Structure formats: C-alpha cells, structure tokens
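Everything below concerns the one structure shown next.
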Amino acid sequence: MAVADDVRNASDQFYGALNRMVNGDASSMAEIWSQTPTVTTMHPIGGREVGWQEVRGAWEQVAALGTGGTVSLNDQLLETAGDMAYEVGIERGQMTLAGRNVPIEHRVTNVYRREADGWKIVHHHTDLAPEMVELLKSL
C-alpha cells in the first residue's frame, strides 16, 4: 500500500502544480515532472510535446495566459506496477485564459515513474477542449 500512497502523493503534487499554473505560475511543474527527453504531454489545447524542454514550454505558455482558476482530479483510478504507475480520472474546474472563463471537464491519463528522487510524472494526456482550442486560435 505504501507505493500507491507515494503515487497518490505525486498526483497531489502534480495537481497542486497544475493549480498554480492556471493561476499564472508554471515554475513548480519542474518539481514533479521527470526532466528526461522521453516525457510527453497531449494537452486539452491540442498537439503533442516530447521531452522536458517542450513539455515545460507548453506549461509556461498556458501559465502566461492564465490568471485564475482551479482544477481537480475526480473519479481517480490508480494502478501501480513496479517502478511505473498510472492514473485515470476526470479533470474538472475552470480557468481564466486570456481574460475568458473556460470550463474544464475532460478525461485524463497520467503516467508516473519512480526515479532516484521519488515518483515523477512522465506523461499527461487529456481530451481536447474545443473552447480552449478556439480561444487560442483567436489570439
């Protein structure tokens, strides 16, 4: 059970960093993300980022437009296997992005890996959010 608790703690850290990001500060993402060339994201705004530099850049771009909001993980299902773990659930909340309120409700998959300094997120994938995609296209 200790391993699952450790991964839940990593998940809590990720969602804490995500909430700081929607409020304009992406700096704490570096604390919970693995910083290897193999990390990946597929955000609700579309696209795919590969490697820590691209992943970090995407979080920073959204943070630059985010001025408020909250995101929570609901209906979490967490599974562990050795040094890997994944969770699925529903992200719910809202954020102010480029001055507009945008609802958040999409399915999510997060993958974690145990590294020398603890569990780190290595993949984040959500459904596309049409409201976010359209908003960013209009900028």
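The values are calculated or read from the model by the stated rules, or taken from the named source; none is laboratory data. Remember, it's a predicted structure, so these values are computed and weren't measured experimentally. When we count neighbours, we look across all protein chains shown, and the Cβ atoms used for this are built from the backbone with ideal geometry, even at glycine.
For the stretch 83-113, a residue qualifies if it is of a type in the set (Gly, Ala, Ser) and more than 16 Å from Asn23 (Cα to Cα), and the qualifying residues are Ala85, Gly89.
Whether any residue in the stretch 13-22 is touching a helix residue (DSSP H, G or I) at 6+ places or on another chain (Cβ under 6 Å), surrounded by 13 or more Cβ atoms within 10 Å (Cβ to Cβ), closer than 18 Å to Glu131 by Cβ and modelled with pLDDT of 95 or more is what I want to check. Yes, there is a match, as at least one residue in the stretch 13-22 is touching a helix residue (DSSP H, G or I) at 6+ places or on another chain (Cβ under 6 Å), surrounded by 13 or more Cβ atoms within 10 Å (Cβ to Cβ), closer than 18 Å to Glu131 by Cβ and modelled with pLDDT of 95 or more.
The set of residues from the stretch 72-86 being among the acidic types (Asp, Glu) and either within 14 Å of the chain's Cα centre (by Cα) or part of a strand (DSSP E or B) (or both) comprises Asp75, Glu79. Looking across the stretch 1-33, just one residue is closer than 19 Å to Leu73 by Cβ, touching a residue at least 40 places away in the same chain (Cβ under 8 Å) and in a loop (DSSP other than H, G, I, E, B), and that is Asn23. Kindly check whether there is at least one residue in the stretch 36-55 that is over 19 Å from Leu128 (Cα atoms), touching a residue at least 12 places away in the same chain (Cβ under 8 Å) and assigned to a helix (DSSP H, G or I). Yes, because at least one residue in the stretch 36-55 is over 19 Å from Leu128 (Cα atoms), touching a residue at least 12 places away in the same chain (Cβ under 8 Å) and assigned to a helix (DSSP H, G or I). Considering only residues in the stretch 58-70 that are crowded, with 18+ Cβ neighbours inside 10 Å and part of a strand (DSSP E or B), the one that is modelled with the lowest pLDDT turns out to be Gly66. Would you say Asp25 is modelled with pLDDT of 95 or more, exposed (fewer than 14 other Cβ atoms within 10 Å of the Cβ) and acidic (Asp, Glu)? The answer is no for Asp25. Check the stretch 119-129 and report whether any residue there is free of Cβ contacts under 8 Å to residues at least 60 places away in the same chain, farther than 13 Å from Leu18 by Cα and exposed (fewer than 15 other Cβ atoms within 10 Å of the Cβ). No; the residues of the stretch 119-129 include none that is free of Cβ contacts under 8 Å to residues at least 60 places away in the same chain, farther than 13 Å from Leu18 by Cα and exposed (fewer than 15 other Cβ atoms within 10 Å of the Cβ).
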